[in-house]
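Below: the structure, in structure tokens.
The values are calculated or read from the model by the stated rules, or taken from the named source; none is laboratory data. Because the structure is predicted, anything quoted here is derived from the model rather than measured. Please note: Cβ atoms are built from the backbone with ideal geometry, for glycine as well, and neighbour counts cover all protein chains shown. We work out accessible area using only protein heavy atoms, side chains counted, and drop any ligands, DNA or RNA first. Shrake-Rupley method; radii C 1.70, N 1.55, O 1.52, S 1.80 Å.
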Amino acid sequence: MDQIHEKKKITIYDTTLRDGAQGEGIHFSTQDKLSYVKRIEEMGSLIVEAGWPGANPRDEEFFQQVRDLRLPHARIAAFGSTCKVNESPQNSEILLKLLASGAETITIFGKAWDLHVRDVLRTTLDENLRLIRESVSFLVSQGRIVFFDAEHYFDGFKENPDYALKCIATALDAGAKIAILCDTNGGSLPGEIARGVKAVMEAFELQELGIHVHNDSGLAVANTLVAVEAGVTQIQGTWNGFGERCGNANLSTLIPLLQLKGDYTVVTDTALLKITSFSRFVAELSNAPFDEKQPYVGRSAFAHKAGMHVDAILKNQRTFEHMDPAGVGNERRILISDQAGKANILDRLRRFEPTIQKDDPRVEQAMTEIKELENSGFQFEAAEGSLDLLLLRILGELTTPPFEVLDYHVWSDPLRGELDSVAVVKVKVGQESVHIASEGNGPVNALDTALRQALVSFFPVLGKSELVNYKVRVLDGARGTEAIVRVIIDTRLEHEVWGTIGVSKNILKASAQALLDAINWTIYCGSREASSAMRSK
């Protein structure tokens, strides 16, 4: 009888809230951290390194409040260092703060590179081993599960392998449950990682071993994969690769990579489907830009632009996709640009008219208009709202606009203070005209506010949407202030975000084009949702 093959289990140690927060521009408040650990329950049994108790009041407050949360899956770990040189662990404020955090799992780091012992700690190699031994032993004696981060292990192994291994042995002998090998400088190559891991596996015959890699050489994911193949069972990293300098190993890439490409179990199949949405949640929580080119989870990960590629992908997705994007909660995107062929246009048109065929003259019309517009400065890759409005017009579905702008004027006065601009707009909806003025922080904000105030009573969905990004690009800078500018505006309606575009020599006119498209597309989405709700009743 054939035996059922079981995949090797890999444990996730998530250090986004601690090591990830050390990245430039990344900040988590206490409430952010609490929101994070509540949400990460969806990802299953992960270990979450939530901070360094005693390092700042925010982390101490978090550990006090997290005790009241019911977390059946996520396991909270506190992070710190060994006791200091010539200090006993019983008198170590660092270790006592770790114990006071209430965390059952405590991770402490110690030096595994003799250079750091001499030049940073400025002590002897034997004293460093004492710090490791007594710190681990003390925490274990207090009933805590201790993980030992062997800081700079791989650099230490290259220069003094016997001492680096002795640091690991000291921590394990003192009761550490698991040792984590750290490429703290992020400069090791995959072969060096493999040799360092194998040396530990052979010396100690371990059932569990961890890896913690930084991305300073752009190899954090590759190095983590190599470490797993060499025997590591726990991977440490951060969502979206957040972290100091160039960041840490990216869990958003590693989890699907190991589970879908390797012979490993990392998270549940249900959690895997939430990888994309969780990565975006982390970016939004930290107020950091989301890298849309990330593998697996980025909007560009399954985006196709070249006409020949699109034609092939629509016939067989395996031609230009290494996996089904739905497997990680993402989706395929067919981009429309001057590189597009009929297959790109046809795929987009079928979102609105599923039966349209390639030889339909409207397909050719759409392709021609899009290429002419892009030649004049438009860029529809980043303005899918404007693109869809154009396609709907070609399909004959937007013959009558929901409103008409009869007139608008905008002016600014720097002496007015913060609300330095005023916009006056006159719009017509059906047979009714509305004339309204509004102040704003800058001319675009004033115009946006005036348009929304004039229209929201007719189209309540506008009250639910908001402008979330405004970008201006000069297309021909050599012409100075006469240059053509491209304005792209991103608008959010609940969980959906789309871009709209305007192009003109007049920056305000370009902004108005993009704003009007944003409002028109919001109204269209609102009416479509209303129609769907009526049908469901």
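The table for this structure:
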{"quantity": "Where L272 falls short, out of the listed (1) at pLDDT 90 or above; (2) on the phi > 0 side of the Ramachandran plot", "calculated": "(2)"}
{"quantity": "Residues located in the range 252-294, provided they are over 14 Å from T16 (Cα atoms) and either aromatic (F, W, Y) or in contact with a His (Cβ under 6 Å, 6 or more places away or on another chain) (or both)", "calculated": "Y264, F290"}
{"quantity": "Subset of the range 75-107 (residues that are outside any strand (DSSP E or B), of a type in the set (A, V, I, L, M, F, W, C) and either over 28 Å from L34 (Cα atoms) or touching a residue at least 24 places away in the same chain (Cβ under 8 Å) (or both))", "calculated": "C83, V85, I94, L95, L98, L99, A100, A103"}
{"quantity": "Among (1) touching a strand residue (DSSP E or B) at 6+ places or on another chain (Cβ under 6 Å); (2) closer than 22 Å to S29 by Cβ - the single one Q234 does not satisfy", "calculated": "(2)"}
{"quantity": "Matching residues in the range 73-95 - criterion: being over 24 Å from L181 (Cα atoms) and open to solvent by 80 Å² or more (accessible area, probe 1.4 Å)", "calculated": "H73, N86, Q90, N91, E93"}
{"quantity": "Some residue of the range 384-399 being buried (at least 19 other Cβ atoms within 10 Å of the Cβ), more than 30 Å from E42 (Cβ to Cβ), at pLDDT 85 or above and acidic (D, E)", "calculated": "yes"}
{"quantity": "Filter result for G156 (open to solvent by less than 60 Å² (accessible area, probe 1.4 Å) and among the small types (G, A, S))", "calculated": "yes"}
{"quantity": "Condition met for L272 (over 8 Å from the mean Cα position of the chain (by Cα), more than 23 Å from V468 (Cα to Cα) and buried (at least 17 other Cβ atoms within 10 Å of the Cβ))", "calculated": "yes"}
{"quantity": "Test: D476 is under 18 Å from I488 (Cβ atoms) and touching a Gly at 6+ places or on another chain (Cβ under 8 Å)", "calculated": "no"}
{"quantity": "Single condition G110 does not satisfy, out of (1) of a type outside the set (D, E); (2) free of Cβ contacts under 8 Å to residues at least 40 places away in the same chain; (3) within 27 Å of K158 (Cβ to Cβ)", "calculated": "(2)"}
{"quantity": "Qualifying residue in the range 487-494 (condition: open to solvent by 60 Å² or more (accessible area, probe 1.4 Å), of a type outside the set (A, V, I, L, M, F, W, C) and on the phi > 0 side of the Ramachandran plot)", "calculated": "yes"}
{"quantity": "Extreme residue, surrounded by the fewest Cβ atoms within 10 Å (Cβ to Cβ), among residues of the range 12-35 that are of a type in the set (S, T, Y) and farther than 19 Å from T253 by Cα", "calculated": "S29"}
{"quantity": "Strands (runs of 3 or more DSSP E) within the range 409-513 that include 1 or more residues among the acidic types (D, E)", "calculated": "432-440, 465-474, 485-493, 496-504"}
{"quantity": "Failed condition for W239, given (1) over 21 Å from G110 (Cα atoms); (2) under 24 Å from the mean Cα position of the chain (by Cα); (3) surrounded by fewer than 24 Cβ atoms within 10 Å (Cβ to Cβ)", "calculated": "(3)"}
{"quantity": "Residue in the range 186-203 that is open to solvent by less than 10 Å² (accessible area, probe 1.4 Å), over 33 Å from the mean Cα position of the chain (by Cα) and at pLDDT 95 or above present", "calculated": "yes"}
{"quantity": "Residue within the range 126-142 that is surrounded by fewer than 19 Cβ atoms within 10 Å (Cβ to Cβ), farther than 20 Å from T11 by Cα, acidic (D, E) and modelled with pLDDT under 95 present", "calculated": "no"}
{"quantity": "Any pair with Cβ under 9 angstrom, 6 or more apart, that starts in the range 243-254 at a residue that is open to solvent by 10 Å² or more (accessible area, probe 1.4 Å) and ends at one that is of a type in the set (F, W, Y)", "calculated": "N250/W239; N250/F242; T253/Y296"}
{"quantity": "Some residue of the range 209-219 being modelled with pLDDT of 95 or more, within 27 Å of S101 (Cα to Cα) and open to solvent by 40 Å² or more (accessible area, probe 1.4 Å)", "calculated": "no"}
{"quantity": "Selection count, the range 398-408, where residues are in a strand (DSSP E or B), free of Cβ contacts under 8 Å to residues at least 60 places away in the same chain and under 30 Å from F352 (Cβ atoms)", "calculated": "2"}
{"quantity": "Among the candidates D183, D149, residue that is farther than 28 Å from L99 by Cβ and crowded, with 17+ Cβ neighbours inside 10 Å", "calculated": "D183"}
{"quantity": "Identity of the residue in the range 51-66, in a helix (DSSP H, G or I) and at pLDDT below 85, that ends up surrounded by the fewest Cβ atoms within 10 Å (Cβ to Cβ)", "calculated": "P57"}
{"quantity": "Residue list for the range 421-444, filter: at pLDDT 90 or above, surrounded by 15 or more Cβ atoms within 10 Å (Cβ to Cβ) and polar (S, T, N, Q)", "calculated": "S438"}
{"quantity": "Test for K261: is it without any contact (Cβ under 8 Å) to a residue 24 or more places away in the chain, closer than 19 Å to I10 by Cα and open to solvent by 20 Å² or more (accessible area, probe 1.4 Å)", "calculated": "yes"}
{"quantity": "Residues of the range 353-373 satisfying the condition of being over 18 Å from A306 (Cβ atoms), open to solvent by 50 Å² or more (accessible area, probe 1.4 Å) and either in contact with a Phe, Trp or Tyr (Cβ under 6 Å, 6 or more places away or on another chain) or outside any helix (DSSP H, G or I) (or both)", "calculated": "P354, T355, Q357, D359"}
{"quantity": "Residue list for the range 266-288, filter: part of a loop (DSSP other than H, G, I, E, B), of a type in the set (A, V, I, L, M) and within 16 Å of H27 (Cβ to Cβ)", "calculated": "A288"}
{"quantity": "Which listed residue is under 15 Å from A174 (Cα atoms) and touching a Leu at 6+ places or on another chain (Cβ under 7 Å), from V85, V117, V140, V146", "calculated": "V146"}
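Every residue, every condition in (1) aliphatic (A, V, I, L, M); (2) open to solvent by less than 80 Å² (accessible area, probe 1.4 Å); (3) over 27 Å from F290 (Cβ atoms), yes or no:
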position	(1), (2), (3)
F403	no, yes, yes
A454	yes, yes, yes
K464	no, no, no
V472	yes, yes, no
